[in-house]
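Encoded as structure tokens, the structure appears first; notes follow it.
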Amino acid sequence: MLTRVITAVVLAPLLVALLLYGPPLWIASVVTAAGWLCARELLQMYSELRATDRHLTALLCAMITASPTLGLRFWVLTVVCSVIVVLTLSLWRLKEVELASRRAASMVLTLAYIGMFAASLVAILHSTTAQTYSGSYPFGSSALLTLFAIVFAGDTAAYFAGRFFGKTKLYPLVSPKKTVEGTVGGLIGSMLAAAACSHWLLGSAELSSWVIVALLCGAIAQVGDLVESLFKRASGTKDSGSLLPGHGGMLDRLDGVLFAAPAFWAWLQLRG
């Protein structure tokens, strides 16, 4: 517990400083590196993959993650080309048809789950708004920080709510420790974080809409956590890695953020 808190206390100010004061290129580079690490961790869970499969798929995930910097068309083109590459790779030195199909499915899933979802974070960074915006920082950076706050506040609130009030198991087959009470506490934490960011960071009068999107993204983030738990249990893995003391790997820390990012980006586009 103490190790987990110390890691969070050290990294949280660095994340806030990067998002609020860092140039967009630096932020996109850090997100791309994080996406690459997440891809490597997920690919290690697939026993059917070869080293070549893992290295190339992780590299393609990084390329997809960075691609929104060059625009939506380049993003789509990168995804399409990456899928073609990994499907072709699955046929290379083919010995077993069933094994090749599992390899292909694992690599395409990683491109979607990590590459596409992490790319949504970069797309959020480059978002603009036609609405009245009186924040002190670039809108994209503020919006991205708001998403992190929604998910991380939800994680923290879910942890403590589950620890002190948790009685009803949510999905014991996949995640034995998660409870319904913790889930509800997490959603409340996400909404409170969105309200705080709306007032102090975004300077927005649309409090209700930010709280609603926080409820949606908070729920999706918890689904993302369950999905990663499913992958880990299927592979017999406790944590996706050991990069972050007390938290596990990069994917353990960002699973909810990755899952919520596409919905958050889509909402920003609809909002205008």
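Any residue at all in segment 120-130 that's over 18 Å from GLN44 (Cα atoms) and surrounded by fewer than 13 Cβ atoms within 10 Å (Cβ to Cβ)? Yes, because at least one residue in segment 120-130 is over 18 Å from GLN44 (Cα atoms) and surrounded by fewer than 13 Cβ atoms within 10 Å (Cβ to Cβ). If the condition is being of a type outside the set (Phe, Trp, Tyr), in a helix (DSSP H, G or I) and closer than 21 Å to PRO23 by Cα, then segment 63-78 contributes MET63, ILE64, THR65, ALA66, SER67, PRO68, THR69, LEU70, LEU72.
So, of the residues in segment 221-259 that are outside any loop (DSSP other than H, G, I, E, B) and of a type in the set (D, E, K, R), which turns out to be nearest to MET116 (Cα to Cα)?
ASP255
So, of the residues in segment 43-62 that are in contact with a Phe, Trp or Tyr (Cβ under 7 Å, 6 or more places away or on another chain) and not in a loop (DSSP other than H, G, I, E, B), which turns out to be surrounded by the most Cβ atoms within 10 Å (Cβ to Cβ)? If we take residues in segment 43-62 being in contact with a Phe, Trp or Tyr (Cβ under 7 Å, 6 or more places away or on another chain) and not in a loop (DSSP other than H, G, I, E, B), then CYS61 is surrounded by the most Cβ atoms within 10 Å (Cβ to Cβ). The condition of being touching a residue at least 40 places away in the same chain (Cβ under 8 Å), closer than 18 Å to ALA8 by Cα and either buried (at least 17 other Cβ atoms within 10 Å of the Cβ) or out of contact with any Leu (no Cβ under 9 Å at 6 or more places or on another chain) (or both) does not hold for VAL213.
Laboratory data are not the source of any read-out in this text; all were calculated from the coordinates shown. No experiment lies behind these values; they were computed from the predicted model shown. Counting neighbours? That spans all protein chains shown, and the Cβs are built from the backbone with ideal geometry, glycine included.
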